[in-house]
């Protein structure tokens, strides 16, 4: 892979005069070594299609384009979206303007005359990270993998394991296998955020879930709904069950009623969800 041009010596720097806008959570990744690591982690082939969310000034977009892949970059900021096509001038890059959440990933790809399969590589806007992850992982055709920049704390939450699990970890790991690639200091961005960040790689599961996601997350949300409560009480409150019904549900799943949500693994959540479904059958 070719080395990236140093921003200080680049003849054209997309969005170079652009003032970062707080309402869009704009923190531009400017460290070329970190850009290099993010692109390498994505394992992009020239035949791939890459969806980038929030290209900003285009530094990552340019790096992605150098892989030879088709890059579809969706930018909500009208000024940047209008400026980037001319300044990047790469035939394999399509810049689209709009809110990524306003339509499905497949629709954005179709607008750029591309189609699945695709992968995601992006420096995500931190204020809507969870919403974007859910949008991508729950899509009718999810990406084969995601390599994204998120806040370090969010990365730690996503990759947490029992007995220190959380609802975000369960939500992400239901759809894929996340791992932290690299911790990124705040100084790698302009303007620097108040916290460090991390590159996270998520390989999505190729098989369809064995249980309906809506049912699975209804039970998981109930379990995590009240912090530090034993599962018998959390599930009773969250699923509108009596204490005795919650205890029977846990017994059928062979889960100790005194355990807490953060100690359960995915298989145990799935078993609880199946038991809850069966309990509702006539």
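If the condition is being within 25 Å of the chain's Cα centre (by Cα), in a loop (DSSP other than H, G, I, E, B) and at pLDDT below 95, then the stretch 16-55 contributes 20, 21, 25, 26, 27, 30, 31, 54, 55.
Within the stretch 135-148, residues that are farther than 18 Å from residue 54 by Cβ have Cβ atoms under 6 Å from residues that are part of a helix (DSSP H, G or I) and at pLDDT 95 or above in these pairs: 141/106, counting only partners at least 6 apart in sequence or on another chain.
If the requirement is being over 24 Å from residue 133 (Cβ atoms), surrounded by 15 or more Cβ atoms within 10 Å (Cβ to Cβ) and either in the same structural domain as residue 118 (by TED's automatic domain parsing) or without any contact (Cβ under 8 Å) to a residue 24 or more places away in the chain (or both), which of these qualifies: 251, 188, 236, 222? It is 236.
If you check residue 273 against the conditions, is it touching a helix residue (DSSP H, G or I) at 6+ places or on another chain (Cβ under 8 Å), outside the structural domain of residue 134 (by TED's automatic domain parsing) and under 21 Å from residue 160 (Cβ atoms)? For residue 273, the condition - touching a helix residue (DSSP H, G or I) at 6+ places or on another chain (Cβ under 8 Å), outside the structural domain of residue 134 (by TED's automatic domain parsing) and under 21 Å from residue 160 (Cβ atoms) - is met.
Residues that are touching a residue at least 40 places away in the same chain (Cβ under 8 Å) and either in a helix (DSSP H, G or I) or surrounded by fewer than 20 Cβ atoms within 10 Å (Cβ to Cβ) (or both) within the stretch 175-185 comprise 181, 182, listed in sequence order.
Might you let me know whether the stretch 226-236 holds any residue that is out of contact with any strand residue (DSSP E or B) (no Cβ under 8 Å at 6 or more places or on another chain), modelled with pLDDT under 95 and closer than 25 Å to residue 153 by Cβ? The answer is yes; a qualifying residue exists.
Against the list (1) touching a helix residue (DSSP H, G or I) at 6+ places or on another chain (Cβ under 7 Å); (2) part of a loop (DSSP other than H, G, I, E, B); (3) under 23 Å from residue 120 (Cβ atoms), the condition residue 172 fails is (2). Residues in the stretch 218-233 that are farther than 14 Å from residue 276 by Cα and touching a helix residue (DSSP H, G or I) at 6+ places or on another chain (Cβ under 6 Å): 224, 225, 226. Per the conditions (1) touching a residue at least 40 places away in the same chain (Cβ under 8 Å); (2) in contact with a helix residue (DSSP H, G or I) (Cβ under 6 Å, 6 or more places away or on another chain), the sole criterion not satisfied by residue 66 is (2).
Among the residues in the stretch 120-132, are any surrounded by fewer than 16 Cβ atoms within 10 Å (Cβ to Cβ) and part of a loop (DSSP other than H, G, I, E, B)? Within the stretch 120-132, not a single residue is surrounded by fewer than 16 Cβ atoms within 10 Å (Cβ to Cβ) and part of a loop (DSSP other than H, G, I, E, B). Would you confirm, using the coordinates I've provided, whether residue 163 is under 22 Å from the mean Cα position of the chain (by Cα) and closer than 30 Å to residue 42 by Cα? Judged against the criteria, residue 163 is not a match. Quickly run through the stretch 152-162 and pick out the residues that are in a loop (DSSP other than H, G, I, E, B) and in contact with a strand residue (DSSP E or B) (Cβ under 8 Å, 6 or more places away or on another chain). Within the stretch 152-162, just 159 meets the criteria.
Residues in the stretch 75-110 that are in contact (Cβ under 8 Å) with a residue 24 or more places away in the chain and assigned to a helix (DSSP H, G or I): 79, 80, 83, 84, 87, 88, 100, 101, 105, 106, 108, 109.
The values are calculated or read from the model by the stated rules, or taken from the named source; none is laboratory data. Worth saying up front: this structure is predicted, and the values here are computed from it rather than measured. Cβ atoms come from the backbone with ideal geometry, glycine included; neighbour counts cover every protein chain shown.
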